[in-house]
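The values are calculated or read from the model by the stated rules, or taken from the named source; none is laboratory data. Here the structure is a predicted model, which is why all the values come from computation and not from measurement. Here the Cβ is made from the backbone with ideal geometry for all residues, glycine too, and neighbour counts use every protein chain on show.
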Amino acid sequence: MNNSEGGFTLLESLFILSVFLVIASMSAILIRPQFASLEKLQFISQLKADLLYAQQYAISNQVAVNVHILPEENYYYVRENYHLSFLVEREIPEVITIKEGSMKLFFQFQLDGNINRFGSFYIIVDKEWYRMTFLIGRGRFYVAKE
């Protein structure tokens, strides 16, 4: 009668564990670029949604709404004209830089949803430039990759 148990030796177990740790660490390294890419897309999407909200708020409440982007302090806010409370206040991630173009980073949606100035500013993420452009009349805007 053979009384042998069919388990693994310590050496075999350590080898399998080390292979698993190498594979797990490689996947953690590869996830970081995906996170930066998702953070970029999420920020641009959130900024567009906040600007559309500001425009719709101005139209529906018949008040002027200010948008102020403060890149040196890494945040932006939206608030009613002459009110201290914010409608929206968000941080800008450290990996994202916003620069003035032909437009200042402070503008206003009027009562009818039109914007008080037009032009472009730039959003820079990982050496990729995106231009946010506001058109004359109606307050329409779009984002294009440079």
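Some points to look at:
- Criterion applied to 79, 138, 131 was being surrounded by fewer than 17 Cβ atoms within 10 Å (Cβ to Cβ), basic (Lys, Arg) and not in a loop (DSSP other than H, G, I, E, B), and the one residue passing it is 131.
- For segment 46-63, the criterion of a residue being closer than 18 Å to residue 133 by Cβ and among the β-branched types (Val, Ile, Thr) is satisfied by no position.
- Selection within segment 100-128: residues that are more than 24 Å from residue 80 (Cα to Cα) and in contact (Cβ under 8 Å) with a residue 24 or more places away in the chain. The member of this set that is surrounded by the most Cβ atoms within 10 Å (Cβ to Cβ) is 123.
- Scan of segment 53-76 for residues that are out of contact with any Phe, Trp or Tyr (no Cβ under 7 Å at 6 or more places or on another chain), surrounded by 14 or more Cβ atoms within 10 Å (Cβ to Cβ), part of a helix (DSSP H, G or I) and not hydroxyl-bearing (Ser, Thr, Tyr), ordered by number: 59, 71
- Residue 45 free of Cβ contacts under 8 Å to residues at least 12 places away in the same chain, in a helix (DSSP H, G or I) and over 30 Å from residue 137 (Cα atoms): no
- Within segment 59-66, one or more residues are at pLDDT 80 or above and touching a Gly at 6+ places or on another chain (Cβ under 9 Å).
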